[in-house]
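Presented below is the structure to which this report refers.
The values are calculated or read from the model by the stated rules, or taken from the named source; none is laboratory data. Everything numeric in this text was worked out from a predicted model, so none of it was measured. Heads up, the Cβs are rebuilt from the backbone with ideal geometry, glycines too, and the neighbour counts pull from every protein chain shown.
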Amino acid sequence: MNKKALRALLRERRALIAPESHGFTRPTGQGRRAPGLSQHQVDQLLHRTLGTYHRLESGNYPNPPTSLLRDIALLFDLNEQEWTSLCRFSLHQDPPGPLLSSSGKEIPGIWQEAVDGIEHISYVTDASWDLLTHNSAFAELFPDSKVPTNTMRWMLLDPSARDTLMDWSTAWVPWIIPQLRAAIIARPEDETLARIERDIACVPEIAAAYDEGGAVVHPDGHERPLRHALKGPGWASICAAQPMTAPGSRMFIILFRPGADRPGPTPPMLRAHRDNHRNRARTG
């Protein structure tokens, strides 16, 4: 538990909540004048034993239940990044899932300009794999530039995907299905993901692969065979990231290289050059 950081986060957010907004009144005579809810009032609103919140904010509550942390996050109107910080400060781990079911469904509009400015194939999906934005290079990947509305559904259930995603059953499906399984675990109430899972069960070939499970392998850095609608067969190198304010969303950049031959050796991992940093410090 990071007591100092946890205390600072909770105190700051608690001070922003007017007691009057929850039916409490401020003392008019001598008494507490600090802004925001009192610790006692937090316990009352959360229906917890008196002193529960004080233990957490003071750093004397080891391994608090995530149900308590979630209730506090909702009461304090934390955003997803603050929710992540709350879990890390108190439990030294990321949250078990998003704070709100609506999280991961939208991204700031500036992402459209950012994606349009990328030369390579680029697109962003939300936490349900619904397409949020893409550039023209992504549209050119598909016949008649007809982009899928949900990339997960397209990859697994649209027959046309088997032509675009070359070696579909061996080069793509084993890495796609674990991602879907992990997303459903994190978002059990997501109806879009649930519908995809139900539809998969009706396709024996995919249902069998889905039941087998498999490790969750992030696509970042993968090379896979791909047939481009305009450029023909080739290889796709996948770069993946996540917009910070939308947990579960994904931003992809795909470097496509036409030709039957697989690209050369995978570039080495990028690491900071510590010696260069030290040299700059000596000469700075």
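Looking at the structure I just gave you, is LEU131 more than 24 Å from TRP111 (Cβ to Cβ) and at pLDDT 95 or above? No. Scanning region 70-94 for residues that are within 26 Å of TYR123 (Cα to Cα) and crowded, with 17+ Cβ neighbours inside 10 Å yields a total of 2. Against the conditions (1) without any contact (Cβ under 8 Å) to a residue 12 or more places away in the chain; (2) in contact with a strand residue (DSSP E or B) (Cβ under 6 Å, 6 or more places away or on another chain), MET166 satisfies every one except (1).
Take residues that are within 19 Å of GLU223 (Cβ to Cβ) and tell me which of the helices (runs of 4 or more DSSP H) falling wholly in region 106-211 contain 2 or more. So that I can check it myself, show each step before the final result.
On the way: elements: 110-116, 136-139, 151-157, 161-164, 173-186, 191-200.
Answer list for region 106-211: 136-139, 151-157, 161-164, 173-186.
Based on what the data block shows, is ALA8 assigned by TED's automatic domain parsing to the domain that holds THR66, small (Gly, Ala, Ser), out of contact with any strand residue (DSSP E or B) (no Cβ under 9 Å at 6 or more places or on another chain) and at pLDDT 95 or above?
yes
Of all residues in region 247-257, those satisfying the criterion of being in a strand (DSSP E or B) and touching a Pro at 6+ places or on another chain (Cβ under 7 Å) are MET251, ARG257. In this structure, is ARG7 within 23 Å of GLN93 (Cβ to Cβ) and buried (at least 18 other Cβ atoms within 10 Å of the Cβ)? No, not satisfied.
Please work out if LEU131 is in contact with a strand residue (DSSP E or B) (Cβ under 7 Å, 6 or more places away or on another chain) and within 15 Å of ILE206 (Cβ to Cβ). Spell out how you get there, then give the answer.
Details: in contact with a strand residue (DSSP E or B) (Cβ under 7 Å, 6 or more places away or on another chain): yes; within 15 Å of ILE206 (Cβ to Cβ): no.
No, not satisfied.
Taking the criterion of being exposed (fewer than 15 other Cβ atoms within 10 Å of the Cβ) and assigned to a strand (DSSP E or B), the residues of region 228-246 that qualify are GLY232, PRO233, ALA240, ALA241. Within region 60-105, the set of residues being out of contact with any Lys or Arg (no Cβ under 9 Å at 6 or more places or on another chain), farther than 21 Å from ALA182 by Cβ, in a loop (DSSP other than H, G, I, E, B) and free of Cβ contacts under 8 Å to residues at least 60 places away in the same chain comprises ASN63, PRO65.
Go through ARG13, ARG48, ARG26 for me and flag whichever is farther than 16 Å from SER249 by Cα, basic (Lys, Arg) and in contact with a Pro (Cβ under 9 Å, 6 or more places away or on another chain).
Values: ARG13 fails: in contact with a Pro (Cβ under 9 Å, 6 or more places away or on another chain); ARG48 fails: in contact with a Pro (Cβ under 9 Å, 6 or more places away or on another chain).
Matching residue, one of ARG13, ARG48, ARG26: ARG26.
For the residues LEU270, LEU230, the requirement of being among the hydrophobic types (A, V, I, L, M, F, W, C) and assigned by TED's automatic domain parsing to the domain that holds ALA127 singles out LEU230.
The set of residues from region 180-217 being farther than 21 Å from GLY97 by Cβ and either within 14 Å of the chain's Cα centre (by Cα) or among the acidic types (Asp, Glu) (or both) comprises ASP199, GLU205, ASP211, GLU212.
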